[in-house]
């Protein structure tokens, strides 16, 4: 006798666990190898000798790496702030309004950097910046990253807005709060978990980006991913592994903090 609708559980399918383990292994095993050999005392990245932190010390003492890291964090910070502001405005404009003709097209335009291949976006940005003659050095990279990071910040913010109850906003309006007061004291605090998640995602995407940065960066605007690529072309070394491991660690910390903060806000 049937007691209710049959639920779909992918985990019950034969071989799902094995395939999931294989996919996770292929995804994370290379990262483990990279981090493991960054602690190798010898220069070899395939033969282990003994544990050492010398390559991390050399990486931190390298002026070129420090300059590239400074550029990366500066670009990521500016791009994150600008992209999060634009994404919040876009989410409000596409969520807190009545449906209008062109709303679907607006979604497509905002999320187009996610659908278009990144190399195409990079070439388009390079062509546009060259066409208008804009030569700001690191500023060009900031502009390019801002454009590319908007949809990554937009999706969590819009999801949060879509799931928010509008009762409190309506109550604020009934108590004679103007739209600015309502947004500042009601909407923004409730929206903050989505903003934090969107900003963290945008920051990590900007920090790790290579293709767009390689296209639009000029001399003196080298970021950490571009520097790592230039070094890898001459051969992988434990110093490159150390720099990559530190970049990976920063990304993991930022994402983890955003997840924990979002859970705390929604608890």
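Things to note:
- Test: residue in segment 10-26 that is under 30 Å from residue 165 (Cβ atoms) and free of Cβ contacts under 8 Å to residues at least 24 places away in the same chain: no
- Just so you know, in segment 27-37 the residues that are farther than 15 Å from residue 235 by Cβ and touching a residue at least 24 places away in the same chain (Cβ under 8 Å) include one that is nearest to the chain's Cα centre (by Cα), and it is 31.
- Any hit, segment 146-157, residues being under 26 Å from the mean Cα position of the chain (by Cα), on the phi < 0 side of the Ramachandran plot and surrounded by fewer than 21 Cβ atoms within 10 Å (Cβ to Cβ): yes
- Condition met for residue 168 (under 27 Å from residue 206 (Cα atoms) and either touching a strand residue (DSSP E or B) at 6+ places or on another chain (Cβ under 8 Å) or modelled with pLDDT under 85 (or both)): no
- Residue in segment 233-241 that is in contact with a strand residue (DSSP E or B) (Cβ under 6 Å, 6 or more places away or on another chain), touching a residue at least 60 places away in the same chain (Cβ under 8 Å), surrounded by 15 or more Cβ atoms within 10 Å (Cβ to Cβ) and farther than 22 Å from residue 116 by Cα present: yes
- Screening residue 89 on (1) under 21 Å from the mean Cα position of the chain (by Cα); (2) under 30 Å from residue 249 (Cβ atoms) shows it passes everything except condition (2).
- Inclusion of residue 173 among residues that are surrounded by fewer than 23 Cβ atoms within 10 Å (Cβ to Cβ) and without any contact (Cβ under 8 Å) to a residue 12 or more places away in the chain is warranted.
- Check on residue 187, surrounded by 14 or more Cβ atoms within 10 Å (Cβ to Cβ) and outside any helix (DSSP H, G or I): no
- Residue within segment 200-212 that is in a helix (DSSP H, G or I), more than 26 Å from residue 126 (Cβ to Cβ), within 14 Å of the chain's Cα centre (by Cα) and at pLDDT 90 or above present: yes
- So residue 161, is it in a helix (DSSP H, G or I), in contact (Cβ under 8 Å) with a residue 24 or more places away in the chain and closer than 26 Å to residue 193 by Cβ: yes
- Per-region count, segment 251-265, residues surrounded by fewer than 12 Cβ atoms within 10 Å (Cβ to Cβ) and at pLDDT below 70: 1
The values are calculated or read from the model by the stated rules, or taken from the named source; none is laboratory data. Not measured: the values here are computed from a predicted model. In this analysis, Cβ positions are derived from the backbone assuming ideal geometry, glycine residues included, and neighbour counts consider all displayed protein chains.
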